[in-house]
Amino acid sequence: MSKRATTADHPTKVDWQIPLRGELGEWYSVIRVGRHVPFGYKQDETDPDLLLPIPEELELLEKAKLFLQEYSTRKVAVWLSKESGREISHVGLYKRVRMEEKRRRASSNYKQYAKKYKEAARKSQKIEEKRLGGKNTRSLDTDEGYIELARGECCPFCGQTRGDI
């Protein structure tokens, strides 16, 4: 994290991830976390930790991802470099696409786990409420059915006398 104090309305470096497009198709600024400026972004002149999106390059990158289904990364990287006017190697393109896919899968997995957890918690609560003596089904200090035993009186459940318990 940056050592300077900032009041910028962008996420911290810890929160950084490749952003999704907005609902209206706009691209978001991101925090710089590494040494290199990623393809599709440029460094902000006023804030060295902020990267501004270049919509034309990001649109070309999205189109290049579709081309990767039919062509090699070398050919797509050459095409992308010619169209954008900015160099990107086949390795850089491969790493960028692979990292985005990895993050997309992880996000999908987290959503599935959250859904399964929520369903399991709901079922567990339902089972717990049905179970005799379960959590929140009986409170000994306020329950009217609580049995108070006198000294020497026998417990109807376990058969022990009050002095033995």
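None of the figures in this text is laboratory data; all of them are computed from the coordinates on show. Owing to the predicted nature of the structure, the values given are computational and were not obtained by experimental measurement. Cβ placement follows ideal geometry from the backbone for every residue including glycine, while neighbour counts extend to all protein chains displayed.
So here's what we get for this one:
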{"item": "Value in Å of the Kirkwood radius, where region 53-137 supplies the Cα pairs that are averaged", "result": "16.3 Å"}
{"item": "Protection proxy ranking, peptides 43-49, 101-107, average beta carbon neighbours within 10 Å, highest first", "result": "43-49, 101-107"}
{"item": "Ranking of 131, 151 by count of other Cβ atoms within 10 Å, fewest first", "result": "151, 131"}
{"item": "Kirkwood-Stokes translational diffusion coefficient of region 13-111, alpha-carbon pairs, 4 °C, 1.567 mPa s, µm²/s", "result": "90 µm²/s"}
{"item": "Cβ-placed point charges (K, R +1; D, E -1), dipole of region 44-83 about Cα centre in debye, nearest 20", "result": "540 debye"}
{"item": "Region 13-111: relative contact order as a whole-number percent, Cα under 8 Å and 6+ apart", "result": "16 percent"}
